Amino acid sequence: MSSSICSIILAAGTSTRMGKSKQLLLLNGRPLLEHVIRSVIAGGFSEIIAVIGYEASNIQKAITIDDPRFRWIVNKDYLVGQSSSLKMGISNIRKHHAGVMVFLGDLPFISERTVQSIFQLGNEMLLEYEESFIIQPKYHGAPGHPVFFGHMDKNLFTQLQGDHGARKVMDKIAHRIHLIVEDEGILFDIDTPDAYEKAKQYTKK
């Protein structure tokens, strides 16, 4: 038995530290954001939303995704910060989902095994528990992404502000599970030129 689980990919930022649109940086011939989207599509999500803002039209032209579960949402208020994109993603979910997994558009190296482990644990907990909970992966003691929200009250997300993402919501949920993973990809965000150079070397391994 499986619950209805949605995924939201946050990718609306201006890439200030990178100096150019990191969503469109090429890794192995594909835009960085496309790597993230395709890894999410490989999961068992019932709906997949990518929230974009900066360079939105160029991103949509460069990345073609042929999957009925996937769609773009354009956040015109992306300068307000990541919280505006998360709120927009949550508010645009087409139907009620028992769980939502949130990905960041600049972490392309999260392993399929990690995504599936979080997804499966989240699905099991959705069937066993009625209260809200959070699952977050940890690598060598450091928490990363994606973050799974189970039985979450959508109204909690309306309180978010600025560039802190879901932290304010997460702090209000007592039932929080850290899933230990051997996957440095949960922390490998590509937001500077140095990180991009490391990413290009990483793909050659």
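Every number here is computed from the coordinates shown, using simple stated rules; none is lab data. Given the structure is predicted, the values throughout are model-derived calculations rather than measurements. Ideal geometry is used to build each Cβ from the backbone, glycine not excepted, and the neighbour counts take in all protein chains shown.
Computed values, structure above
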| read-out | value |
| --- | --- |
| Isotropically averaged projected area of the stretch 83-205, using the convex hull of Cα atoms (one quarter of hull area), nm² | 8.4 |
| For the chain, size of Cβ-based charge dipole, Lys and Arg +1, Asp and Glu -1, in debye | 480 |
| Lysine pair number, Cα distance threshold 17 Å (strictly under), the stretch 5-202, separation 8 or more or different chains | 14 |
| Cα pair distances in the stretch 1-106, grouped into 10 Å bins until the bin that holds the longest one, percent each | 15, 51, 29, 5, 0 |
| Hydrodynamic radius by Kirkwood, which averages 1/r over all alpha carbon pairs of the stretch 54-143, in angstrom | 15.8 |
| Listed candidates (1) 0.96; (2) 1.28; (3) 1.18 - label of the one calculated as Cα Rg over 2.2 N^0.38 Å | (1) |
| Acute angle (nearest 10 degrees) that the helix 193-202 long axis makes with the longest principal axis of the chain, alpha-carbon atoms | 80 |
| Estimated distance in nm for a label pair at K204 and S111, the labels positioned 7 Å out from Cα along Cα-to-Cβ | 2.3 |
| Computed helical MRE - 222 nm, the chain, DSSP H runs ≥ 4 contributing -39500 (n - 2.57), nearest 500 | -8000 deg cm²/dmol |
| Share, in percent, of DSSP beta bridges within the stretch 5-202 that are antiparallel, nearest 5 | 30 |
| Rounded tilt (10° steps) of 112-128 against the dominant C-alpha axis of the chain | 20 |
